[in-house]
1. How about the range 19-50: which of its residues are of a type in the set (K, R) and either in contact with a helix residue (DSSP H, G or I) (Cβ under 7 Å, 6 or more places away or on another chain) or at pLDDT 95 or above (or both)?
2. All but one of (1) farther than 17 Å from P11 by Cα; (2) open to solvent by 30 Å² or more (accessible area, probe 1.4 Å); (3) in a loop (DSSP other than H, G, I, E, B) hold for P119; state the number of the condition that does not hold.
3. With the range 1-107 as the region, which strands (runs of 3 or more DSSP E) entirely inside it contain at least 3 residues that are in contact with a Cys (Cβ under 7 Å, 6 or more places away or on another chain) and either open to solvent by 30 Å² or more (accessible area, probe 1.4 Å) or closer than 21 Å to S124 by Cα (or both)?
4. Inside the range 104-125, can you point out the residues that are in contact (Cβ under 8 Å) with a residue 12 or more places away in the chain and in contact with a Phe, Trp or Tyr (Cβ under 7 Å, 6 or more places away or on another chain)?
Amino acid sequence: MTHKILVINGPNLEMLGKREKNIYGEFTLKDLEKTITDKSVELKCEVVFFQSNIEGEIINKINSLDESFSGIIINPGGLTHSSISLHDSLEIKTFPKVEVHLSNIYKREEFRRKSVVAPACTCSILGMGLDGYLFALKHIVNNY
């Protein structure tokens, strides 16, 4: 079976490389997507990328997924801490969902230390920078 995995990046992740480089790194969203694409070739899987600053667009994208998808890697950005609707949308899907954060949210401001999305996901990867996405991809491909 060939895996087809949706990689979702939420609000403000298109600003990678421009904002808080000490937290998020120097790489851009395009750099991140290229690195993930290169890893997907090595793992013989397909990745589809989606980024939006709009909660409803992300929810609509998740809800529209058909059986051809075998997993989601999601960095919900600021929606991590507030979006019950995103949680509910993820919870509906039966395939693996991996929450990824570039930084360790538990070492950040108090308001960033709670993920309402995590309980709807298979697992979470925090604080590993870009490598977190690669581990998530490998995890889905090797375990599901």
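1. Across the range 19-50, the qualifying residues are K30, K34, K39, K44.
2. (3) is the only condition that P119 fails.
3. Counting at least 3 such residues, we get 97-101.
4. Within the range 104-125, I125 is the sole residue that qualifies.
The values are calculated or read from the model by the stated rules, or taken from the named source; none is laboratory data. Quantities reported herein were computed from a predicted structural model and do not represent experimental measurements. No Cβ is skipped: glycine too gets one built from the backbone with ideal geometry, and neighbour counts run over all protein chains shown. The protein model used for the area step is the full one, side chains on, heavy atoms only, and it has no ligands, DNA or RNA in it. Shrake-Rupley method; radii C 1.70, N 1.55, O 1.52, S 1.80 Å.
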